[in-house]
């Protein structure tokens, strides 16, 4: 337990120490966020133009250093770290292209999906062949699992990975929303991996990620001094997806990352309904922008979404605990 706590605290302190220097470097080199054209964003977001971005690099560094020092570097935990860094690299390329082109469009969706396929294949091979993760779907809502075979399992891993990375990316639209929500989901994984199953290395990694997110909130809370960018949102999405695969909680991730699921579903519903009826279900999607357009302040939306995330994470943790073998 001490190492898990030290890991979380170490990531927070490292973030707080390096944050001001890194943000200053980003400003000096004009590594700023490019906002979509007026009319595609809620009123008030245009003033965020030029805010330093790619803070995800700092999250990755603040997470990786204490993890590598404090853990025994088990294969499962190192695989999660690899997935996190690989997804962060995809986001980094996307952020870099936006900065170079000086517009809000970066890496195309086709190339992102292709890169995620490669990461998913490697994650599946290591999880099944090396770590020995069973190729099953575990519901956790009830004590039921189905054997689906390695190919179907690989497809599921890709869907979880692509869904998580894109859902976290969609959630990262308000200051502190994605980082705070992710910290809550990771807290659930700290409890699940250490308190419940005793998987210390994975608990240390989850704690490092959580600590990095909490430390990042110091600079990312409203009004944000830095954004995590796609580097951060893709890395964190990849991390929680890999944690789900290694803990056999792929289905349970729907609850643990409930806010991310709601954000992604709101976009899907908006697109499908608009294409069929030419009408909008939400004033703007993702759903956090709907509440902005309805007159809610940014801070009110963020805090209430955090509370919802806490409720979902609590449900996920409870279901995981209840359905463990007696």
| note | Scanning the stretch 271-294 for residues that are crowded, with 20+ Cβ neighbours inside 10 Å, assigned to a helix (DSSP H, G or I) and without any contact (Cβ under 8 Å) to a residue 60 or more places away in the chain gives 287, 291
| message | Scan the stretch 221-229 and tell me whether some residue there is in contact with a helix residue (DSSP H, G or I) (Cβ under 8 Å, 6 or more places away or on another chain), modelled with pLDDT under 95 and part of a helix (DSSP H, G or I). | response | yes
| task | Being more than 9 Å from residue 256 (Cα to Cα) and either touching a strand residue (DSSP E or B) at 6+ places or on another chain (Cβ under 8 Å) or in a helix (DSSP H, G or I) (or both) is the filter here, so list the residues in the stretch 295-310 that pass it. | result | 298, 299, 300, 301, 302, 303, 304, 305, 306, 307, 308
| message | Would you confirm, using the coordinates I've provided, whether residue 320 is under 24 Å from residue 137 (Cα atoms), under 22 Å from the mean Cα position of the chain (by Cα), at pLDDT below 95 and crowded, with 20+ Cβ neighbours inside 10 Å? | response | yes
| request: List every residue pair whose Cβ atoms sit under 7 Å apart, with the two residues 6 or more apart in sequence or on different chains, where the first one lies in the stretch 64-75 and is on the phi > 0 side of the Ramachandran plot and loosely packed, with under 14 Cβ neighbours inside 10 Å and the second, anywhere, is modelled with pLDDT of 95 or more and part of a loop (DSSP other than H, G, I, E, B). | output: none
| said: Scan the stretch 242-254 and tell me whether some residue there is touching a strand residue (DSSP E or B) at 6+ places or on another chain (Cβ under 9 Å), surrounded by fewer than 19 Cβ atoms within 10 Å (Cβ to Cβ), on the phi > 0 side of the Ramachandran plot and not in a helix (DSSP H, G or I). | reply: yes
| message | So for the stretch 295-304 (the condition being exposed (fewer than 14 other Cβ atoms within 10 Å of the Cβ) and within 23 Å of residue 162 (Cα to Cα)), does at least one residue qualify? | response | no
| query | What number of residues within the stretch 111-121 are loosely packed, with under 14 Cβ neighbours inside 10 Å and under 17 Å from residue 76 (Cα atoms)? | reply | 1
| task | Please work out if residue 145 is modelled with pLDDT under 95, surrounded by fewer than 17 Cβ atoms within 10 Å (Cβ to Cβ) and under 28 Å from residue 53 (Cβ atoms). | result | no
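Considering only the stretch 50-63, state which residues are on the phi < 0 side of the Ramachandran plot and touching a strand residue (DSSP E or B) at 6+ places or on another chain (Cβ under 7 Å).
51, 52, 53
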| field | Residue that is nearest to residue 166 (Cα to Cα) [pool: residues in the stretch 92-110 that are free of Cβ contacts under 8 Å to residues at least 24 places away in the same chain and exposed (fewer than 14 other Cβ atoms within 10 Å of the Cβ)] | value | 109
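The values are calculated or read from the model by the stated rules, or taken from the named source; none is laboratory data. The model shown is predicted, which means the values in this text are computed figures rather than measured ones. Don't worry about glycine lacking a Cβ; one is built from the backbone with ideal geometry, like all the others, and counts go over all protein chains shown.
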